[in-house]
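S.K.: Next up is a structure, given as structure tokens.
The values are calculated or read from the model by the stated rules, or taken from the named source; none is laboratory data. Here the structure is a predicted model, which is why all the values come from computation and not from measurement. Using ideal geometry, Cβ is built from the backbone for each residue, glycine included, and neighbour counts are taken over all protein chains shown.
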Amino acid sequence: MSELRARADHADFIAGLPKAELHVHHVGSARPETVAALAARHPDAGVPTELDALREFFTFTDFGHFIEVYLAVVDLLRTPEDIRLLTYEVIEGLAAQRVRYAELTMTPYTSVIRGIPIEAYTEAIEDARMAAERDHGVAVRWIYDIPGESGVPAADATIRYAVDHAPDALVAFGLGGPEIGVPRAQFAPHFQRARAAGLHSVPHAGESTGPETIWSAIRDLGAERIGHGIRAIDDPALVAHLAERRIPLEISPTSNLATRVVKNIEDHPIKALRDAGVVVTVNSDDPPMFGTTLGREYALAAELLDLDETGLRDLVAAAVDASFAPHDVKTRLRADIAGYVPA
């Protein structure tokens, strides 16, 4: 796997730049130290407790293998205390990267079916969110997503959680998991109900499948942003539609390499999409699992898009604009980005 190396000046500038993160998964963002601690609590899960072994554990052969490993980590979340610990430490890790606003994708279904009541799950994540915001000054909002591999029953449950047990910070409804063999259209009623409840639509599409999955996400699910969406590049009409309608893509370059949906970083379509007028945002997806950070994703994007410091500010601002943050949070963060002076 070949890589581009970010220039040192980019890395230094990016490290202190206030950022927004729109596509980052709750469980997939667990720090190795957190995973090791949870694995020690629950040794029957089969997840390594040593950091070196965890790094090997997080080496994926393909997208299907990634899903298997991801679900093994999900199995470590057995109690509300496990949920709170992971959630707080994920947000703490975002704050350390100068992320000032994040929309964290949660999959409550996978915890509820393992025995955690939705009421306890909601209380745990909200308690962690409020504590982390108080302690670290990062604003967090939730996206509840359907684990697509679990089908319509999971969607039925997830929309109930989103409508009947909505936490205060819930802003959007998503669809994750594998795309192959999981038609988007089957979830149309669930997304219709979510939108009627005031939630935004942010399904994954066009990561490991082609442009038709993206078309379906727009047509059947009312997508306002697309998770990944990189295979739009294979359909000029779709690229034009995304550009005209200003439907942002949530792009995570290292994730695409790690799951082998892009072979080489130099071949990543982010530049072609940006040059065609598509709104692109940069995100980290499942950063510890992929050995990355949001800062590293911005550094890679800077190289791929040939950005200077002004371009990097604009790229971060694009994520703020594409977010569902409250108006005052957007205004403050835009001002912080514009006024940022590296140390």
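S.K.: Out of region 284-297, which residues are surrounded by fewer than 24 Cβ atoms within 10 Å (Cβ to Cβ) and in contact with a Gly (Cβ under 8 Å, 6 or more places away or on another chain)?
M.R.: P288
S.K.: Name the residues in region 110-150 that are assigned to a loop (DSSP other than H, G, I, E, B) and touching a Gly at 6+ places or on another chain (Cβ under 7 Å), would you?
M.R.: none
S.K.: Checking V239 against (1) in contact (Cβ under 8 Å) with a residue 60 or more places away in the chain; (2) touching a Leu at 6+ places or on another chain (Cβ under 8 Å); (3) of a type in the set (A, V, I, L, M, F, W, C), which single condition isn't satisfied?
M.R.: Of (1) in contact (Cβ under 8 Å) with a residue 60 or more places away in the chain; (2) touching a Leu at 6+ places or on another chain (Cβ under 8 Å); (3) of a type in the set (A, V, I, L, M, F, W, C), only one is false for V239: (1).
S.K.: Could you count how many residues in region 74-88 are assigned to a loop (DSSP other than H, G, I, E, B) and of a type outside the set (D, E)?
M.R.: The total comes to 4.
S.K.: Go through D75, D62 for me and flag whichever is among the acidic types (D, E), without any contact (Cβ under 8 Å) to a residue 40 or more places away in the chain and closer than 30 Å to A205 by Cβ.
M.R.: Going through D75, D62 in turn, just one is among the acidic types (D, E), without any contact (Cβ under 8 Å) to a residue 40 or more places away in the chain and closer than 30 Å to A205 by Cβ: D75.
S.K.: Looking at (1) buried (at least 20 other Cβ atoms within 10 Å of the Cβ); (2) of a type outside the set (A, V, I, L, M, F, W, C); (3) within 17 Å of the chain's Cα centre (by Cα), which one does P178 not meet, given that it meets all the others?
M.R.: (1)
S.K.: Right, another one. What are the residues in region 89-109 that are assigned to a helix (DSSP H, G or I), in contact (Cβ under 8 Å) with a residue 60 or more places away in the chain and either closer than 20 Å to T79 by Cβ or of a type in the set (A, V, I, L, M) (or both), if any?
M.R.: V90, L94, listed by residue number.
S.K.: Something else: Considering region 284-320 alone, what residues qualify as being touching a Leu at 6+ places or on another chain (Cβ under 7 Å) and assigned to a loop (DSSP other than H, G, I, E, B)?
M.R.: S284, L307
S.K.: Looking only at region 83-136, which residues are modelled with pLDDT under 95, crowded, with 18+ Cβ neighbours inside 10 Å and more than 20 Å from the chain's Cα centre (by Cα)?
M.R.: Correct list: empty.
S.K.: While we're looking at this one, here's another question. Can you pull out the residues in region 227-283 that are surrounded by 16 or more Cβ atoms within 10 Å (Cβ to Cβ), in a loop (DSSP other than H, G, I, E, B) and polar (S, T, N, Q)?
M.R.: Correct list: S252, T259, N283.
S.K.: Pick from region 14-31 the residues that are buried (at least 20 other Cβ atoms within 10 Å of the Cβ) and in a helix (DSSP H, G or I): which of them is modelled with the highest pLDDT?
M.R.: Ranking the candidates gives I14 first.
S.K.: Another question about this same structure. Return the total of residues in region 183-219 being of a type in the set (G, A, S) and part of a helix (DSSP H, G or I).
M.R.: 6
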